[in-house]
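Trainee: One structure, as structure tokens, below. Some questions next.
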Amino acid sequence: MALLEVEALTKSFGGVTAIADLGFEVPEGLVYSVIGPNGAGKTTLFNMLSGIYRPDEGSIRFMDQGVVGRQPHQVAALGISRTFQNLQMFFNMSVLDNVMVGCHLRTRTGLFSAALRLPRIKREEMLSRQWAQDALAICNLDKFIGQEAGSLPYGVLKRLEIARALAVQPRLLLMDEPAAGLNDTETLEMRKLIRRICDSGITVLLVEHNMGLVMQVSDRVLVLDYGSRLAEGTPVEIQNDRRVIEAYLGGEVRYAL
């Protein structure tokens, strides 16, 4: 059974169809990438998978549980976490505190318990701190742990957002253009991080415009064109698919694998 199953998914905005009768499956333990030109429907797809948008038609199943109709925090509680194209950060908080925010779905503290400072609160805080530190370690951010997020360079902030998403302890991580705005050195570090996350047991669903990164890091690639499925396969198969070359890559393009 696939970790994520999408069937006949459709979403329109007014008279424009962003996603049209889309279906695919994401096996567990892979880096599965979704590519396509601007306007192909990639971000709309992510917004439906994470509960921000509700599809007009179709179904989404994660670990054999329905996703459609759940709120974003309920989807996250199922085990789906995500990052965004634009940084969603608390810039006046420390790196550690930013990541600890991602742990709240895994704790049971209520307002009454917090006000009384019951012993359970201290135990949960210690556990959240450990989860956050583990996520920071995966992202090679240990040395920034006490710094204010607003003082950090853009490339570090991109990894910090990933660390916060990991603190949710997801089974599936949706990564929306993690290499956008990064230089070559930072992109290389991002590629290594994506593989490290996958090797740790977390399945990665990646949307990315950097084709070099996609072809190097992916196990499977889905190509969207005008919201529909154009092709799916291994990176080598996608690079040699004439429909993909004509619709997206624009010629005889090859990337080192």
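Trainee: Across the stretch 31-81, what is the number of residues that are touching a residue at least 40 places away in the same chain (Cβ under 8 Å), open to solvent by less than 70 Å² (accessible area, probe 1.4 Å) and part of a strand (DSSP E or B)?
Mentor: Total meeting the criteria: 11.
Trainee: May I pose another question? Among helices (runs of 4 or more DSSP H) lying entirely in the stretch 151-218, which contain 2 or more residues that are within 18 Å of Cys103 (Cα to Cα), open to solvent by 10 Å² or more (accessible area, probe 1.4 Å) and of a type in the set (Val, Ile, Thr)?
Mentor: Details: elements: 154-167, 184-199, 211-217.
Of the helices (runs of 4 or more DSSP H) lying wholly inside the stretch 151-218, none has at least 2 residues that are within 18 Å of Cys103 (Cα to Cα), open to solvent by 10 Å² or more (accessible area, probe 1.4 Å) and of a type in the set (Val, Ile, Thr).
Trainee: Another question, if that's okay. Given the condition closer than 27 Å to Arg195 by Cβ, within 19 Å of the chain's Cα centre (by Cα), surrounded by fewer than 21 Cβ atoms within 10 Å (Cβ to Cβ) and free of Cβ contacts under 8 Å to residues at least 24 places away in the same chain, answer yes or no: does some residue in the stretch 1-11 qualify? Steps first, answer last, please.
Mentor: We begin by selecting, within the stretch 1-11, every residue closer than 27 Å to Arg195 by Cβ; these are 1-6.
From the residues that got through so far, the ones that are within 19 Å of the chain's Cα centre (by Cα) too are 2-6.
Among the residues that remain, those that are also surrounded by fewer than 21 Cβ atoms within 10 Å (Cβ to Cβ) are: 2, 5.
Restricting the remaining residues to those that are free of Cβ contacts under 8 Å to residues at least 24 places away in the same chain gives none.
No, the conditions are met nowhere in the stretch 1-11.
Trainee: Okay, next question. Starting from residues that are more than 25 Å from Leu45 (Cβ to Cβ) and part of a loop (DSSP other than H, G, I, E, B), keep the ones in the stretch 85-103 and report whichever is modelled with the lowest pLDDT.
Mentor: As a first pass, look at the stretch 85-103 and keep what is more than 25 Å from Leu45 (Cβ to Cβ): 90-101, 103.
Checking the rest, the ones that are also part of a loop (DSSP other than H, G, I, E, B) come to 90-93, 103.
Values: Phe90: 88, Phe91: 90, Asn92: 92, Met93: 93, Cys103: 77.
Of everything passing the filter in the stretch 85-103, Cys103 is modelled with the lowest pLDDT.
Trainee: Going through the stretch 162-178 one residue at a time, which ones are closer than 10 Å to Leu136 by Cα and under 10 Å from the mean Cα position of the chain (by Cα)?
Mentor: Quick first cut of the stretch 162-178, residues closer than 10 Å to Leu136 by Cα only: 162-164, 166-167.
Of everything in the stretch 162-178, those that are closer than 10 Å to Leu136 by Cα and under 10 Å from the mean Cα position of the chain (by Cα) turn out to be Ile162, Leu166.
Trainee: Could you say which residue among Glu189, Glu252, Glu246 is among the acidic types (Asp, Glu) and modelled with pLDDT of 95 or more?
Mentor: Numbers: Glu252 fails: modelled with pLDDT of 95 or more; Glu246 fails: modelled with pLDDT of 95 or more.
None of the others qualify; the one that does is Glu189.
Trainee: Something else about it: Taking the conditions exactly as written (modelled with pLDDT of 90 or more, within 19 Å of the chain's Cα centre (by Cα) and open to solvent by 40 Å² or more (accessible area, probe 1.4 Å)), does Arg106 satisfy them or not?
Mentor: Working: modelled with pLDDT of 90 or more: no; within 19 Å of the chain's Cα centre (by Cα): yes; open to solvent by 40 Å² or more (accessible area, probe 1.4 Å): yes.
So Arg106 fails the test.
Trainee: Within the stretch 219-243, work out how many residues are outside any strand (DSSP E or B) and surrounded by fewer than 22 Cβ atoms within 10 Å (Cβ to Cβ).
Mentor: So in the stretch 219-243, the residues outside any strand (DSSP E or B) come out as 219, 226-227, 234-243.
Now restrict to residues that are surrounded by fewer than 22 Cβ atoms within 10 Å (Cβ to Cβ): 219, 226, 234-237, 239-243.
Result for the stretch 219-243: 11.
Trainee: Within the stretch 16-23, is even one residue more than 21 Å from Ile238 (Cβ to Cβ), among the β-branched types (Val, Ile, Thr) and free of Cβ contacts under 8 Å to residues at least 12 places away in the same chain?
Mentor: Scanning the stretch 16-23 turns up at least one residue that is more than 21 Å from Ile238 (Cβ to Cβ), among the β-branched types (Val, Ile, Thr) and free of Cβ contacts under 8 Å to residues at least 12 places away in the same chain.
Trainee: Right, next: Do you know which residues across the stretch 132-150 are open to solvent by less than 70 Å² (accessible area, probe 1.4 Å), under 24 Å from Ile202 (Cα atoms) and either small (Gly, Ala, Ser) or touching an Asp or Glu at 6+ places or on another chain (Cβ under 8 Å) (or both)?
Mentor: Ala132, Gln133, Ala135, Leu136, Ala137
The values are calculated or read from the model by the stated rules, or taken from the named source; none is laboratory data. These numbers come from a predicted model, not from an experiment. Cβ atoms come from the backbone with ideal geometry, glycine included; neighbour counts cover every protein chain shown. For accessibility, only protein heavy atoms count, side chains too; no ligands or nucleic acids. Shrake-Rupley method; radii C 1.70, N 1.55, O 1.52, S 1.80 Å.
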